[in-house]
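Notes to accompany the following structure.
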Protein chains: 2
Amino acid sequence: MTYDLVIHNGTIVTVNERFDMLPNGLLCVKTGKLERVEALGADQSPPAATETIDASGGLVLPGLVNSHTHLPMTLFRGLADDLPLDTWLNKHIFPAEGAYLQPDNVRWGALLACAEMLLGGTTTCCDGYFLEDQVAAAVDTSGMRAVLAQGVIDFPAPGVPDPKENIKIARAFVARWQHASALITPSVFCHSAYTCSGETLKKAKALSGKAGLRFQIHAAETQNECRQIRQKYKTTPIGYLDRLGILDENTLLVHCVWLDDTDIELIAARKASISHNPESNAKLAAGIAPAPKLLKTGIALGLGTDGCASNNNLDLFHEMDITAKIHKAETHDPTTMDARTVVEMATIGGARAIGLDHQIGSLEVGKQADVVIIDNRSPHLTPLYHPASHIVYAAKSADVRDVVVAGRVLVRNRTVLSLDVEQIMANVCEIADQINKGR
Amino acid sequence: MTYDLVIHNGTIVTVNERFDMLPNGLLCVKTGKLERVEALGADQSPPAATETIDASGGLVLPGLVNSHTHLPMTLFRGLADDLPLDTWLNKHIFPAEGAYLQPDNVRWGALLACAEMLLGGTTTCCDGYFLEDQVAAAVDTSGMRAVLAQGVIDFPAPGVPDPKENIKIARAFVARWQHASALITPSVFCHSAYTCSGETLKKAKALSGKAGLRFQIHAAETQNECRQIRQKYKTTPIGYLDRLGILDENTLLVHCVWLDDTDIELIAARKASISHNPESNAKLAAGIAPAPKLLKTGIALGLGTDGCASNNNLDLFHEMDITAKIHKAETHDPTTMDARTVVEMATIGGARAIGLDHQIGSLEVGKQADVVIIDNRSPHLTPLYHPASHIVYAAKSADVRDVVVAGRVLVRNRTVLSLDVEQIMANVCEIADQINKGR
């Protein structure tokens, strides 16, 4: 039997239950799935395959999962930083979104995001934005895997001039993409409890629930949000969402910086999952989410970069390093958020959080072949004692050499094979020129 | 007149007093110094030069300054992580230092560090370690600029089996390197107030003071250190150092995580400088230094990575990003540690902190030509609105294309010209194999 793809000669970081490492590892892929994941004996050669990748003594890991982002916001990378939140949003981000989010621009921004993510070892993302059909088209072109949600908000938004249409437009998006691609899972994203009415939230949840899809929402991001919700509903954002019947195993809560113990118990009891975005929460000065506490409850916890306007990158290696460090700094406990835990958050944890852990998040027989190869041959990756530490504290997105999604090689020798990256960059620079002139 | 080196066709981020940006910038270098730093008119061509670098629309910045590190600790990168501080030090780092810090190993570790730093845009570092002659030889080979200190501690140490000899050995180091190289400035490094007696500290300070050199010391890094010092000397680490007469404009205090307001006033009044190491302080769970407060006092504040065992890299781009974010997260103020401030810390601030701001830290006529060129042509650096934001929040060490120190091109197209990087990595891997077998 000839495999479609064989990867050998690297150390496989399986991220299975036991976090097994397989030196001189062998991965065999047939029709997009992993058929063999094992250590090859010193005297064994890899089996025959249509395509073979020599991992050159590097590390072979599951593709990284970005559990929260807004892809087209690459257009606004670095447009405005270091500002009070309301100035940043109302004077810079909202006006730029209002003026420049035409469908074409959204697609170019999303294509740029896909190129950046693939080059940095991210094989799956979970997105929520407006004009999400354009995002889906871009992701589809790139060959990435994604959970993609049309955004819902009770204000006029790009592609949704009349907010009364927001649920209808989300429903149409779900219908279009529910069976369109094996790699794209549609979803519904409500911006927040302070920008959507209770009725909108319930309708959106019903829409996603009926289709068995992820319902995403920003929740408990800032102290100000918590104050607003308490004034209006006499409870916390989490308590309010639960009162509406929105917390269940298909709900992904994004941020969750400001939680009390009751909130945490509620989220755990309802089996909702959380996307932890430490860089965005830091940059926007929201605070530091209680991630170590959340992990102890068994809540599915993934890592997310958030959009490029509040990060300013889509780099999960960077996010892993900061995750491991910021919680140690805050708790004064050097053993919290150890490297293995953080690698799990960026892979299987993220897969659980977005509902795809039956397919991805670890390198195990039967799962999808979403694979990243790290090239260790550079000074900052020398020497290598422990692969998990290496991945979190030393490796960077630029060390990703090859990327495979569903058995298809999308990045080879640091080049994206599925996208015309030069063309995408040129188009985004043109859009940025317009934005610059408009300021 | 023909220049030795001309760099053109990039945006110069001068980091001068006004933080001027020079689009279509021109840098002209003669005998290691900057003779012209200006914007070139659209119709002007760059002048003749022995060597010309086209910055290809990238960013041209002053070489980055790493104000605190222990270079040979690259040997222990990732050897032990996520452990309580005493376990980490006493069970892993001290035994490894005791067993493997032979002169040859120290030199290979330092050479690896130089390769990593140069490839990541660091042109100057401030180091303290044992067997520092080997470190100096390595730095000298690399062509980097450095302040290098023989370590002083009242325990047996590599190369100093009898601690009674520690000052003598430091004195000999200073004598050997004080006039040996235009790029190397010797210094004295006392490990800390809890590992050196008052007498040792005073002798070491006298030695460096007499020669007009930097006196470096870890100070106020952990709460435990503060407790120890208070028990013994009834004051803070800073108060104790001041009582010994050690705080002055030639003293560089490293870490300063745990300072009270009196400490901060003392440091400012004595004009001592500080190296801020946020990643190391986070990873070892020491805490978060009050950097925003320190900046307000006018204290010279540089950024440092610390050694590779507690980071685990020597990457100032990474350190800049975390610096900008971690203080926003802690203070809940999104305007603190803005991008310009952080770029200044990594360049002119560091130069001030280590006493070299008359020579380096900004791109201005008369200063040394220590220059870094960032290649913007990749998805994660697209688009570009504000250079300072780009440098802090988007650029990474792997985006450094060319590096110049004192007018000499040390990195060209991401290749180190002054070092045999393959050989260095092979030797360090061999040393790491021995360390692995010895565990």
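The values are calculated or read from the model by the stated rules, or taken from the named source; none is laboratory data. Computed from a predicted structure; not experimentally measured. Don't worry about glycine lacking a Cβ; one is built from the backbone with ideal geometry, like all the others, and counts go over all protein chains shown.
For the reader, a short list of remarks on this structure follows.
- Test set (1) farther than 23 Å from B:ILE93 by Cβ; (2) in contact (Cβ under 8 Å) with a residue 60 or more places away in the chain; (3) surrounded by fewer than 24 Cβ atoms within 10 Å (Cβ to Cβ) - B:ALA175 fails condition number: (2)
To keep it simple, each residue is scored yes or no on (1) closer than 14 Å to A:TYR129 by Cα; (2) crowded, with 22+ Cβ neighbours inside 10 Å; (3) modelled with pLDDT of 95 or more; (4) out of contact with any Lys or Arg (no Cβ under 7 Å at 6 or more places or on another chain).
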| site | (1), (2), (3), (4) |
| --- | --- |
| A:VAL152 | yes, yes, yes, yes |
| A:ASP162 | no, no, yes, yes |
| A:ARG171 | no, no, yes, yes |
| A:LEU183 | no, no, yes, no |
| A:SER197 | no, no, yes, yes |
| A:THR200 | no, no, yes, yes |
| A:ALA206 | no, no, yes, yes |
| A:ILE217 | yes, yes, yes, yes |
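- Members of region B:420-434 found to be in contact (Cβ under 8 Å) with a residue 60 or more places away in the chain and within 9 Å of chain A (Cβ to nearest Cβ), listed by number: B:VAL421, B:ILE424, B:MET425, B:VAL428, B:ILE431, B:ALA432
- Annotation: B:GLU319 fulfils all but one of (1) over 27 Å from B:VAL6 (Cα atoms); (2) assigned to a loop (DSSP other than H, G, I, E, B); the unmet one is (2).
- One residue from B:ASN277, B:ASN312, B:ASN281, B:ASN250 being assigned by TED's automatic domain parsing to the domain that holds B:SER197 and surrounded by fewer than 24 Cβ atoms within 10 Å (Cβ to Cβ): B:ASN250
- The requirement of being acidic (Asp, Glu) and within 21 Å of B:VAL400 (Cα to Cα) is fulfilled somewhere in region B:52-62, by at least one residue.
- Restricting attention to region A:361-400, the residues being more than 18 Å from A:GLY349 (Cα to Cα), more than 9 Å from every other protein chain (Cβ to nearest Cβ) and within 18 Å of the chain's Cα centre (by Cα) number 1.
- Between A:ASP86, A:ASP104, the distinction of being within 14 Å of chain B (Cβ to nearest Cβ), at negative phi, among the charged types (D, E, K, R) and free of Cβ contacts under 8 Å to residues at least 60 places away in the same chain belongs to A:ASP86 only.
- Any chance A:ALA394 is closer than 21 Å to A:THR11 by Cα, surrounded by fewer than 23 Cβ atoms within 10 Å (Cβ to Cβ) and of a type in the set (A, V, I, L, M, F, W, C): no
- When residues of region B:284-299 are limited to those that are touching a residue at least 40 places away in the same chain (Cβ under 8 Å) and surrounded by 24 or more Cβ atoms within 10 Å (Cβ to Cβ), the one farthest from B:GLU249 (Cα to Cα): B:LEU284
- Selection status of A:LEU101, aliphatic (A, V, I, L, M) and out of contact with any helix residue (DSSP H, G or I) (no Cβ under 9 Å at 6 or more places or on another chain): no
- Top-ranked residue in region A:277-309 [being within 18 Å of the chain's Cα centre (by Cα) and among the polar types (S, T, N, Q); ranked as farthest from B:PRO334 (Cα to Cα)]: A:THR305
- Residue list for region B:343-371, restricted to those being of a type in the set (A, V, I, L, M, F, W, C) and either more than 21 Å from B:MET320 (Cβ to Cβ) or modelled with pLDDT under 95 (or both): B:VAL365, B:ALA369
- Search result, residues across region B:401-417 that are within 14 Å of chain A (Cβ to nearest Cβ) and surrounded by fewer than 19 Cβ atoms within 10 Å (Cβ to Cβ): B:ARG414, B:THR415
- Any chance B:VAL15 is assigned to a loop (DSSP other than H, G, I, E, B), in contact with a Pro (Cβ under 7 Å, 6 or more places away or on another chain) and buried (at least 23 other Cβ atoms within 10 Å of the Cβ): yes
- Filtered residues of region B:310-350 (kept if more than 17 Å from B:ARG18 (Cα to Cα) and more than 10 Å from chain A (Cβ to nearest Cβ)): B:LEU316, B:GLU319, B:MET320, B:THR323, B:GLY350
- Residue match in region A:225-245 (condition: within 24 Å of the chain's Cα centre (by Cα), in a loop (DSSP other than H, G, I, E, B) and not charged (D, E, K, R)): no
- Residue check, A:ALA286 within 18 Å of B:ILE322 (Cα to Cα), part of a helix (DSSP H, G or I), within 11 Å of another protein chain (Cβ to nearest Cβ) and hydrophobic (A, V, I, L, M, F, W, C): no
- Qualifying residue in region B:65-83 (condition: acidic (Asp, Glu) and more than 9 Å from chain A (Cβ to nearest Cβ)): no
- Screening region B:328-414 for strands (runs of 3 or more DSSP E) wholly inside it with 3 or more residues that are farther than 30 Å from A:ASN427 by Cβ returns the ranges B:400-405, B:408-412.
- Scanning region A:118-137 for residues that are in a loop (DSSP other than H, G, I, E, B) and within 12 Å of another protein chain (Cβ to nearest Cβ) turns up just one, A:GLY120.
- Considering (1) away from every other protein chain (no Cβ under 14 Å); (2) surrounded by 18 or more Cβ atoms within 10 Å (Cβ to Cβ), the lone condition that A:ALA115 does not fulfil carries the number (1).
- Across region A:291-306, the number of residues qualifying as within 14 Å of chain B (Cβ to nearest Cβ) and within 18 Å of A:ILE217 (Cα to Cα) comes to 3.
- Failed item in (1) in a loop (DSSP other than H, G, I, E, B); (2) closer than 25 Å to A:VAL37 by Cβ, with A:ARG439 passing the rest: (2)
- Residues that are closer than 15 Å to A:ILE169 by Cα and of a type in the set (A, V, I, L, M), drawn from region A:182-210: A:VAL188, A:LEU201, A:ALA204, A:ALA206, A:LEU207
- Every residue from region A:221-259 that is within 14 Å of A:LEU85 (Cβ to Cβ) and of a type in the set (Asp, Glu): A:GLU221, A:GLU225
- Extreme residue, surrounded by the fewest Cβ atoms within 10 Å (Cβ to Cβ), among residues of region B:339-388 that are out of contact with any Asp or Glu (no Cβ under 7 Å at 6 or more places or on another chain) and of a type in the set (Asp, Glu): B:GLU364
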